[in-house]
Every structure is written in C-alpha cells, then in structure tokens.
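Beneath this line is the structure, given in structure tokens, with notes to follow.
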Amino acid sequence: MRDLFERIIENKGPLGKWASQAEGYFVFPKLDGPISNRMKFQGKDVITWSINDYLGLANLPEIKKVDGEAALEHGAAYPMGARMMSGHTEFHEQLENELAAFSQKEASYLLNFGYQGFMSVIDALVTKDDIIVYDVDCHACIIDGVRLHMGKRFTFVHNDPESLEKNLERATKMAEQTGGGILVISEGVFGMRGEQGILKEIVALKEKFNFRLLVDDAHGFGTLGKTGAGAGEEQGVQDQIDVYLATFAKSMASIGAFVAADQEIINYLKYNLRSQMFAKSLPMVYVKGALKRLDMLRTQPELKAKLWENVNALQSGLKEKGFDIGTTTSCVTPVYLNGSIPEAMALVKDLRENHGIFCSIVVYPVIPKGLILLRLIPTATHTLQDVEETLVAFSAIRERLENGTYKRLSAAVSAAMGE
Ligand SMILES: Cc1ncc(COP(=O)(O)O)c(C=O)c1O
C-alpha cells in the first residue's frame, strides 16, 4: 500500500505541473491598484482584459460608499447563523424579491457563492429516479453538481440540438422505467468561448419531450437582453427557463449568487438546499451592496450600452485584422492562436512586458493541445483607445508567433518540460 500523499507529491496534475514555470506570473498573478481598465502588474501599467467587472461597477464611488457604510453598520458577520435558524433579515427578502422581478421569475433565493450554490441546487432538484441531460461544456460547478446525482445522467454535444434530442429520447425511455423526471442543463453563456447556450432550440424541444430546464447564466446576467435579464431574455425564452441561476461575481462585481424560479420551487429549495441550510447566511455587506448594484443595473442602461460599444469595437477590430475569435455571441472575446504551451508563455510575457496588455491565457487541458486561447473581457470601463492599443499589440504578437520568435525564446522551457 502506498501513502496517499505520495501520488499527490509526485503528480501535481495537468496544470500544477507548470507551477514552477508559471506561478506568480501566468497563474496567481497579482494585479495592483483599483479595479479598472488599467491596473499595475509587477510595477508596470497594463490594460486589463481579464476581469469580469462587465458593467464597471467594482470601483464606482457610489458602490464603495454603500459597501463601506454597510460594513461600518453591520461588520462582516451580521447576520449570524443559517437563514433558517437565525440568519434571516428583511434585506435578504427585499433583495430576493428584487432579483426575482429583474430576472422575470416569481421568486428567488440567495446563495452565498455561485459554485457551491449551483451544485446544491442541482442536488436538491433531483432524486436517484430522475435523469440529468447536460451540455458537455458546462462550467465545473455544474459538472460537480451532476456528480452529486445518484441517478442516470447523459451529456449532449456542446450546443448541438440533434445530440440533445437523441439524449432526451434515451432519458425519456429511462425515466419511464424509473418513474422519475428529466432535468436539462445548459449555460446562458459558455464562459471560455463566449457562445450563448442554444436556449431557444432547447426550449423548442419542450414540445416533444417532458423536461425542466436549468440555466447557469453567470455571464449573461446584466450583459444580455433588453433589460439585462440575461441570455434567456436575449433569445426571447426567459419564461421557459424553469430554474435560472446567476452569480454576483461578474456584472454585479461582488460575491454571492441566486436561484430564481416559480414560487413553489423556491419554497421547496428554501427547505431542501443543503448549501444554504447548513451554512451561514450571506452577510449584510453583500446584501446591501447587491441591492445598490441591482438598482444601478435597472436604472443605468448606459452602463450596458458602453460595455457593448467596447465589445463591438474589440470584436470587429479583431475580425477585421483576421483574428479567429471563434463563434462568440457574448462579451467574452476569445482569440485563438496555434502554438505550444511554452510558446504561449513567451507570447503572453511579450504582451505584458512590451505592450502593456494583460489578458488571461488558456491552454491544454482546458482547450485542445496546440491551441492557445487568449481570453479578453471587455467592460464598461474600457475606452476605444484601449481597444486600439490592444489591436496593434495583437498584430505584433501574431507576427512573432508566426515567424518563430516565441519558439526560439521558449526552446529551453520546452526542452525542460518535454513539450
Ligand atoms: C458559468 C459560471 N458558473 C458559476 C460560476 C461560479 O460563480 P461564483 O464565482 O459566484 O462561485 C462561475 C464563475 O464565477 C461561472 O463562470
């Protein structure tokens, strides 16, 4: 028998193996200064394209004032205890009512985090007799939620209605045997590639199959749809989403999340959602902060308009210059390049050191081997000047990638890592 930690120390995992080359720079970087379009990285000014502060709320004085006043009045603790026991307040209820109205649902319930909360919602909605059918590219928290499920589950090919239909046929047969129901799961926006989930096509299948639809709209909430109610509103099917999930970690620039659905479903979740029943309730700082943020989403549509001005300028500029930005239909702007992980590291270093551009880099195993994904997140705080400088920088790094500069610069790393 071997000691449990032996394997962990030997094999740090597909990403962990890069730690000695990457930590502090490519992963776990430290960005300094107020959250905005321009911050500091290792003492240098950089244009930041890696922060999901879509509407630019994070650093607004009026937002920080509400957060600060709430912290002064309540501290970080209040209220203490789980919602069911002693952690309930009228502000939690007010926020839930306002979130329900904003997301065009009857009711909503607060979650402390999107990740744990969404897992727990999936767990609470199904029993071992029920079948889950979910998009294979769903976020890790959905995958982990499905892992909690004791019954059958099927994946469908990402955004492929034919594959979904085939799996719904299988699921229906199985549910007829078990006597359970079917939960279909997709995302409003797939956060890596920026594609909206095919919600309209999924909803159309309700004519043929009996299922309920759950949508994680982390990136769509506040950025898509006429009123900002998300991908469902954008596609005209918000009312057909049975369970709507969104986090405060993106457009709302905070921490926390919520689930919205029909009143009866929320009533059920209040008494069966383990992540909230057995955990302390969301502190007042976040509740009052969220009320303020939601008010701004409702009353200042110009924030979303500015966001989309920047999104459109960046995406059309990249396309005009011949960059492959995939099939994004949201603010998330991926740029796909061909190269190895060591080349990607040299390229990103060049972007940060010589061009003052800070964006996220995504490589294998998140995407296929040989592909480099530079992920840009435009926000309302960016300017057209930021976009222009970024387009110039991207043209320069593409040239160096293609003429082998990064291959030469990264030869030593490649040899050391056996890549
Ligand atoms: C699609 C998606 N779902 C869920 C989450 C988790 O949300 P939270 O950060 O509130 O835990 C994220 C990331 O924040 C996400 O991108």
Inset, instruction - Could you name every one of the helices (runs of 4 or more DSSP H) located completely within the stretch 1-97 that has at least 2 residues being crowded, with 16+ Cβ neighbours inside 10 Å? - result: 19-22, 61-74
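Is at least one residue of the stretch 252-259 farther than 18 Å from Ile185 by Cα, of a type in the set (Val, Ile, Thr), within 15 Å of the ligand (Cβ to nearest atom) and assigned by TED's automatic domain parsing to the domain that holds Ala107?
yes
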Legend entry - Residue identified as in contact with a helix residue (DSSP H, G or I) (Cβ under 8 Å, 6 or more places away or on another chain), modelled with pLDDT of 95 or more and on the phi > 0 side of the Ramachandran plot among Gln116, Gln104, Gln94: Gln104
Legend entry - Hits in the stretch 200-246 (condition: of a type in the set (Ser, Thr, Tyr), over 18 Å from Val121 (Cβ atoms) and surrounded by 24 or more Cβ atoms within 10 Å (Cβ to Cβ)): Thr223
Inset, instruction - Could you check Thr127 against (1) under 18 Å from the mean Cα position of the chain (by Cα); (2) surrounded by fewer than 20 Cβ atoms within 10 Å (Cβ to Cβ); (3) of a type in the set (Ser, Thr, Tyr) and say which number it fails? - result: (1)
Inset, instruction - Might you check whether a residue that is modelled with pLDDT of 95 or more and either surrounded by fewer than 19 Cβ atoms within 10 Å (Cβ to Cβ) or touching a helix residue (DSSP H, G or I) at 6+ places or on another chain (Cβ under 9 Å) (or both) occurs anywhere in the stretch 358-368? - result: yes
Inset, instruction - Just give me the residues in the stretch 251-275 being more than 27 Å from Ile63 (Cα to Cα) and either in a helix (DSSP H, G or I) or hydroxyl-bearing (Ser, Thr, Tyr) (or both), in sequence order. - result: Gln263, Glu264, Ile265, Ile266, Asn267, Tyr268, Leu269, Lys270, Tyr271, Asn272, Arg274, Ser275
Legend entry - Members of the stretch 140-151 found to be buried (at least 20 other Cβ atoms within 10 Å of the Cβ) and more than 16 Å from the ligand (Cβ to nearest atom), listed by number: none
Inset, instruction - Considering every residue within the stretch 226-236, establish whether at least one is away from the ligand (no atom under 13 Å from the Cβ), over 23 Å from Asp295 (Cα atoms), modelled with pLDDT of 95 or more and among the hydrophobic types (A, V, I, L, M, F, W, C). - result: no
Legend entry - Pick from the stretch 112-139, criterion within 13 Å of the ligand (Cβ to nearest atom) and assigned to a loop (DSSP other than H, G, I, E, B), ranking: farthest from Lys152 (Cα to Cα): Asn112
Inset, instruction - All but one of (1) away from the ligand (no atom under 16 Å from the Cβ); (2) of a type outside the set (Val, Ile, Thr); (3) in the same structural domain as Ile47 (by TED's automatic domain parsing); (4) touching a residue at least 40 places away in the same chain (Cβ under 8 Å) hold for Asp324, so report the exception by its number. - result: (4)
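What helices (runs of 4 or more DSSP H), lying completely within the stretch 142-250, carry at least 1 residues that are of a type in the set (Lys, Arg) and in the same structural domain as Arg293 (by TED's automatic domain parsing)? Please lay out each step first, then the result.
Working: elements: 161-178, 199-204, 231-234.
The helices (runs of 4 or more DSSP H) meeting that bar are 161-178, 199-204.
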Inset, instruction - Give me a count of the residues in the stretch 98-111 that are in a helix (DSSP H, G or I) and surrounded by 19 or more Cβ atoms within 10 Å (Cβ to Cβ). - result: 3
Inset, instruction - Could you tell me which numbered condition Arg274 fails, if it satisfies all but one of (1) closer than 14 Å to Ser103 by Cβ; (2) surrounded by fewer than 16 Cβ atoms within 10 Å (Cβ to Cβ)? - result: (1)
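The values are calculated or read from the model by the stated rules, or taken from the named source; none is laboratory data. Computed from a predicted model, the values in this text were never measured in an experiment. Here Cβ is always computed from backbone atoms with ideal geometry, including for glycine, and neighbour counts include all displayed protein chains.
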